[in-house]
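Accompanying notes for the structure given below.
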Amino acid sequence: RGSHFSYFREISKNKGLINVIFHKEISNEEIINLYKNCFAGIVILNKNHETHNIPGKFISYIHSGLPVFAILNKGNDLINIINENKVGYATSSYELSYLEKKMKYFIELTENDFDIRERSKALANQQFKTKNICNQIIKKFK
């Protein structure tokens, strides 16, 4: 689902891609099982966003131990979170030749860094676990 769902489905169809599947929406149970067969997660946000945005799909990727390749709006905190915690690669560049180089780097990274999946899960549990977030909020009000 999303603003470009139909657009990407049409491109895939026109190019005759047979290894791409589009679903309108997948239940959380199905997503967790799907992630077990995935190499990595990809997050792409509209470059015109003006606020920080941490998409739910990013959180679900790292909870599942998936490294993430992210193309995000400038100034998005998620760029530093991903790169500093070494759970993938994130950039605010939308320039195609740059992204091609960085995607190759990302693939190499995920194939050779045997701890990246564990770091992803650790980051999820440390910063994005519901119980921990609730405790932080309660602590602020005490």
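When every residue of the stretch 35-49 is checked against the conditions, none turns out to be farther than 28 Å from ARG9 by Cα, within 15 Å of the chain's Cα centre (by Cα), aliphatic (A, V, I, L, M) and open to solvent by less than 90 Å² (accessible area, probe 1.4 Å). Taking into account only those residues within the stretch 79-101 that are part of a helix (DSSP H, G or I), in contact (Cβ under 8 Å) with a residue 12 or more places away in the chain and out of contact with any strand residue (DSSP E or B) (no Cβ under 6 Å at 6 or more places or on another chain), which is nearest to ILE116 (Cα to Cα)? Top of the filtered list is ILE81. Among the residues of the stretch 4-21, is any loosely packed, with under 10 Cβ neighbours inside 10 Å and among the basic types (Lys, Arg)? Checking the stretch 4-21: at least one residue is loosely packed, with under 10 Cβ neighbours inside 10 Å and among the basic types (Lys, Arg). Going through the stretch 106-124 one residue at a time, which ones are among the polar types (S, T, N, Q) and surrounded by 13 or more Cβ atoms within 10 Å (Cβ to Cβ)? Residues satisfying the conditions are THR110, SER120. The single condition among (1) within 17 Å of SER64 (Cβ to Cβ); (2) surrounded by 12 or more Cβ atoms within 10 Å (Cβ to Cβ) that MET103 does not meet is (1). Among the numbered criteria (1) of a type outside the set (Ser, Thr, Tyr); (2) part of a loop (DSSP other than H, G, I, E, B); (3) at pLDDT 95 or above; (4) within 19 Å of THR51 (Cβ to Cβ), which one does LEU66 miss? Result: LEU66 passes all but (4).
Scanning the stretch 106-142 for residues that are modelled with pLDDT under 85 and β-branched (Val, Ile, Thr) gives THR130, ILE133, ILE137. Looking only at residues of the stretch 125-142 that are part of a loop (DSSP other than H, G, I, E, B) and without any contact (Cβ under 8 Å) to a residue 40 or more places away in the chain, we find that the one that is least open to solvent (accessible area, probe 1.4 Å) is LYS129.
Within the stretch 80-90, being surrounded by 19 or more Cβ atoms within 10 Å (Cβ to Cβ) and within 16 Å of LEU45 (Cβ to Cβ) holds for ILE81, ILE82, GLY88, TYR89, ALA90. Here the condition is being of a type in the set (Lys, Arg), open to solvent by 70 Å² or more (accessible area, probe 1.4 Å), closer than 26 Å to GLU10 by Cα and part of a loop (DSSP other than H, G, I, E, B); of LYS24, LYS57, LYS74, it holds for LYS24 alone.
The values are calculated or read from the model by the stated rules, or taken from the named source; none is laboratory data. All values reported here derive from a predicted model rather than from experimental measurement. Neighbour counts are summed over all protein chains in view; Cβ atoms, including those assigned to glycine, are modelled from backbone coordinates with ideal geometry. In case anyone asks, the SASA skips ligands and DNA or RNA and just uses the protein heavy atoms, side chains included. Shrake-Rupley method; radii C 1.70, N 1.55, O 1.52, S 1.80 Å.
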